[in-house]
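Below is one structure, written out as structure tokens; comments come after it.
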Amino acid sequence: MRALKATVAVVALLLVASCSGEDDAAGPEASGPTSWDITAVDGIDGATRESVDGIGIDVPADFEGDPRQVDGTTSQLVLMREGEERSEVNLTVTREDDLTDDAVTAAAGTAFAQLGATGSASDLEQVPLRWEGFGNAIAVRGVLTLEDGTERDVEYVTTRDPDGTRLVAVWTEAPRGELEGSTAQEVLRSVRVDG
């Protein structure tokens, strides 16, 4: 499935040259399923609206959006705060026909496995949720340890558009303990189908 290949490519892109390569780092630990919701925001003050294959996202005033083409069916927008070396938000959209909730589950499982295999991610969990405007989604959450030892809270949310033609994934991260209520999470809540 192209969506799974794209997920692997995107997660690899997010981790390249940014994570510790230690083999003894903790691997993934599945937790019991819990559920929570992503409630859409109408807009972020001072932000500009950008789109990736019809999926829109607000780019805050102090961020820059860098569009990338991962492959023939996968597009990405990398959002970086001005002056920072790591992105805080990445929106990835993969075109594929007849996507079902099973495809979302499979893509999230691939992201979970790939993050766990890096040796740089710990406390990983998969969390089912509902995303307003999209429906069923799965978040892969955990802690990422960078090469310099810095820890980042990360979340990779995967869903599909209501028509089942686009797999949508959003990576967010923030310093350890700061993801909840962060600008990155507010940007995640701005993602919706614009066309």
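The values are calculated or read from the model by the stated rules, or taken from the named source; none is laboratory data. Since the model is a prediction, treat every value here as computed from it, not as a measurement. Cβ atoms come from the backbone with ideal geometry, glycine included; neighbour counts cover every protein chain shown. Accessible surface is based on the protein model in full, side chains and every heavy atom, while ligands, DNA and RNA are left aside. Shrake-Rupley method; radii C 1.70, N 1.55, O 1.52, S 1.80 Å.
Things worth noting here:
- Gly164, sole failed condition from (1) part of a loop (DSSP other than H, G, I, E, B); (2) out of contact with any Leu (no Cβ under 7 Å at 6 or more places or on another chain): (2)
- Residues (among the small types (Gly, Ala, Ser) and in contact with a strand residue (DSSP E or B) (Cβ under 6 Å, 6 or more places away or on another chain)) located in the range 118-164: Ser120, Ala121, Ser122, Gly133, Ala137, Ala139, Gly142
- Arg192 being of a type outside the set (Asp, Glu), touching a helix residue (DSSP H, G or I) at 6+ places or on another chain (Cβ under 7 Å), at pLDDT 95 or above and open to solvent by 20 Å² or more (accessible area, probe 1.4 Å): no
- Qualifying residue in the range 115-132 (condition: in contact with an Asp or Glu (Cβ under 6 Å, 6 or more places away or on another chain), closer than 25 Å to Gly54 by Cα and at pLDDT 95 or above): no
- Tally of residues being open to solvent by less than 10 Å² (accessible area, probe 1.4 Å) and not in a strand (DSSP E or B) across the range 121-161: 1
- Failed item in (1) within 16 Å of the chain's Cα centre (by Cα); (2) modelled with pLDDT of 50 or more; (3) within 22 Å of Glu151 (Cβ to Cβ), with Val16 passing the rest: (2)
- Residue ranges of strands (runs of 3 or more DSSP E) in the range 21-94 with at least 1 members of a type in the set (Val, Ile, Thr) and at pLDDT 95 or above: 48-52, 55-59, 74-81
- In the range 80-121, the residues that are among the polar types (S, T, N, Q) and within 17 Å of Val191 (Cβ to Cβ): Ser87, Asn90, Thr92, Thr94
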